[in-house]
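Notes follow the structure.
The values are calculated or read from the model by the stated rules, or taken from the named source; none is laboratory data. Here the structure is a predicted model, which means the values were calculated and not measured. FYI the Cβ positions are ideal-geometry reconstructions off the backbone, even for glycines, and counts take in every protein chain you see. Just so you know, the surface numbers come from the protein's heavy atoms only, side chains and all, with ligands and any DNA or RNA stripped out. Shrake-Rupley method; radii C 1.70, N 1.55, O 1.52, S 1.80 Å.
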Amino acid sequence: MIVRTIDEVLGSDREVTAINGNWVSRRLLLDEDAMGFSFHETIIKADTETMIQYKNHLEAVYCVEGEGEIETIVDGKVYSIKPGTMYALNKHDKHYLRAFHEDLRLLCVFNPALTGDETHDREGSYPPPPYKK
Ligand code: 9YT
């Protein structure tokens, strides 16, 4: 059994901030926890826009606080995000993530699991997971 609180993650090496400061990710479950996925609470800072495309991962996101939107870049479709909204990037969808005038608080699951300190590269992606024997 793994039991962990957000207070244990805050300020630890499981709390990762985007290079541009747009988000902070508190990684409650990581690859080393051997669940087959990672599980994070992510705060998207108010009044920010972030381009994301997870080429090597699938991600599902559930909003618990704040309001914003995603825009899929291939077709310009805009989807509003508010508490109770879930979106799944099942096609490695390239998108903009925008938080409106308050922080967005999101719960995120990644498959494969993140290993710990990943931050977005210039394409808004994370590197592939390390090869495992
Ligand atoms: C929703 C999203 O992808 N935000 C960027 C950070 C990511 N969720 C993470 O690493 O927790």
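In segment 42-56, which residue that is more than 8 Å from the ligand (Cβ to nearest atom) and at pLDDT 95 or above is nearest to P129 (Cα to Cα)?
Among them, the one singled out is Q53.
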Per-region count, segment 84-94, residues open to solvent by 70 Å² or more (accessible area, probe 1.4 Å) and of a type outside the set (S, T, N, Q):
3
In this structure, does L114 turn out to be part of a loop (DSSP other than H, G, I, E, B) and buried (at least 18 other Cβ atoms within 10 Å of the Cβ)?
yes
Does Y96 satisfy the condition of being closer than 23 Å to P127 by Cβ, at pLDDT 95 or above, in contact with an Asp or Glu (Cβ under 7 Å, 6 or more places away or on another chain) and assigned to a strand (DSSP E or B)?
yes
Go through (1) within 13 Å of the ligand (Cβ to nearest atom); (2) closer than 12 Å to N56 by Cβ; (3) surrounded by 15 or more Cβ atoms within 10 Å (Cβ to Cβ) for P129 and report which single condition fails.
(1)
Select from segment 7-16 the residues that are touching a residue at least 12 places away in the same chain (Cβ under 8 Å) and either surrounded by 11 or more Cβ atoms within 10 Å (Cβ to Cβ) or basic (K, R) (or both) and list them in ascending order.
V9, L10, R14, E15, V16
Can you find even one residue in segment 59-68 that is closer than 15 Å to R105 by Cβ, charged (D, E, K, R) and touching a Phe, Trp or Tyr at 6+ places or on another chain (Cβ under 8 Å)?
yes
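Take segment 60-77 and flag every residue that is part of a strand (DSSP E or B), of a type outside the set (V, I, T) and either free of Cβ contacts under 8 Å to residues at least 40 places away in the same chain or open to solvent by 20 Å² or more (accessible area, probe 1.4 Å) (or both).
A60, Y62, E65, G68, E69, E71
State the number of residues belonging to segment 22-50 that are surrounded by fewer than 16 Cβ atoms within 10 Å (Cβ to Cβ), assigned to a strand (DSSP E or B) and touching a Gly at 6+ places or on another chain (Cβ under 8 Å).
Quick first cut of segment 22-50, residues surrounded by fewer than 16 Cβ atoms within 10 Å (Cβ to Cβ) only: 32-36, 46-47, 49.
Filter once more, keeping what is assigned to a strand (DSSP E or B): 49.
From what is left, the residues that are touching a Gly at 6+ places or on another chain (Cβ under 8 Å) are none.
Of the residues in that region, 0 qualify.
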